[in-house]
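**Q** Okay, here's the structure, questions in a sec.
The values are calculated or read from the model by the stated rules, or taken from the named source; none is laboratory data. Since we're looking at a predicted model, the values are computed, not measured. All Cβ positions, glycine included, derive from the backbone under ideal geometry; neighbour counts span all protein chains shown. Heads up: the accessible areas ignore ligands, DNA and RNA and are worked out on the full protein's heavy atoms, side chains in. Shrake-Rupley method; radii C 1.70, N 1.55, O 1.52, S 1.80 Å.
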Amino acid sequence: NQKPVQVKLVLLGEAAVGKSSVVLRFVQNDFQEYKEPTIGAAFLTQKCRLEDKVIKFEIWDTAGQERFRSLAPMYYRNALSAVVVYDITSSSSFDKAKSWVKELQRQASPNVIIALVGNKLDLVEKSEENEDYLDDVASFDQNAVSEPSQTHSRAISRDEAQAYAEESNLLFFETSAKTSEGVVEVFTEIAKKIPHE
Ligand code: GTP
Ligand code: MG
């Protein structure tokens, strides 16, 4: 019998970092390998049930392409929460995320809840596991080690992003829209921070 609390949420970040994919995973538990770029913005809703309240997210998934840049303020202006996404294999996308955070802290509502999300964790996880494995084997027999197959490498360490998030007062997560790792947590942790009505 609990009435959901409606919460506007905006997603921001460089093109192709996976904003729409994170939302698709959260709203429909689905993933598309070839997702078309967002034009303008997309609107979706999804509920998040906590023990003591139900949050209904009204999600504005903005377009990252530069030509849509000027639309962003329309979507973040009255948003209670913002998810700023970067791709952990792209340092330019992390710089872009930082500039969105700055803009939000200056222009969005003063108590906006901001989450920083490093997406595409699946691209590096295999190789990071492999590196641990290689460390183990290397100490045993150097010659037994062959080069790992070509994989994406991490551009932004978890520690660097975490430190930046802490000093800027942001929630911080790493996710994979592809495997779903970490995605629900982003929205649940934001929901927990929404004050009771
Ligand atoms: P714009 O709408 O142009 O701003 O892009 P976007 O940030 O919404 O990116 P989108 O969700 O369209 O994803 C871009 C591409 O990255 C698509 O081909 C996705 O399949 C892929 N992608 C998104 N998230 C992940 C992920 O977690 N892992 C992997 N491997 N690929 C991903
Ligand atoms: Mg998109």
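**Q** Can you tell me, using C-alpha contacts under 8 Å and at least 6 residues apart, the relative contact order of segment 1-136 as a whole percent?
**A** Averaging sequence separation for qualifying contacts and normalising by length gives 30 percent for segment 1-136.
**Q** On to the next question. At 1.4 Å probe radius, can you tell me the per residue accessible area of the chain in Å²?
**A** Roughly 56 Å² per residue, with all protein chains present.
**Q** Using a probe of 1.4 angstrom, how much of the accessible area of the chain is carbon and sulfur, in percent?
**A** C and S atoms contribute 45 percent here.
**Q** Taking 0.36 nm per intervening residue step and subtracting the Cα-Cα distance, what contour gain separates Arg106 from Leu50 on full extension?
**A** So the extension gain works out to 17.1 nm.
**Q** If a/c stays under 1.5 just call it rounded; otherwise compare a/b with b/c (prolate if a/b is bigger, oblate if not). Do that for segment 154-197, with a ≥ b ≥ c from the square roots of the Cα gyration tensor eigenvalues.
**A** Oblate shape, in that a/c is at least 1.5 and b/c is the bigger or equal ratio.
**Q** OK, next. Give me Rg over Rh for segment 61-108, both radii from the alpha carbons and Rh done the Kirkwood way, two decimal places.
**A** 0.95
**Q** Shifting gears a bit: As a test of reading the structure, rank His152, His196 by solvent-accessible area (1.4 Å probe, protein chains only), most first.
**A** Largest to smallest exposure gives the sequence His196, His152.
**Q** Based on a Kirkwood Rh over C-alpha pairs, give the Stokes-Einstein translational diffusion coefficient of segment 23-125 at 20 °C and viscosity 1.002 mPa s in µm²/s.
**A** Here the translational diffusion coefficient equals 142 µm²/s.
**Q** Suppose every K and R has +1 on its Cβ and every D and E has -1 on its Cβ; what is the size of the dipole of segment 1-75 about the Cα centre, in Debye to the nearest 20?
**A** 280
**Q** Please label the shape of the chain as rounded, prolate or oblate, based on the square roots a ≥ b ≥ c of the eigenvalues of the alpha-carbon gyration tensor (a/c under 1.5 means rounded; beyond that, a/b larger than b/c means prolate, else oblate).
**A** prolate
**Q** Apply the a/c threshold of 1.5 to the C-alpha gyration tensor of segment 2-61 and tell me whether it is rounded, prolate or oblate.
**A** prolate
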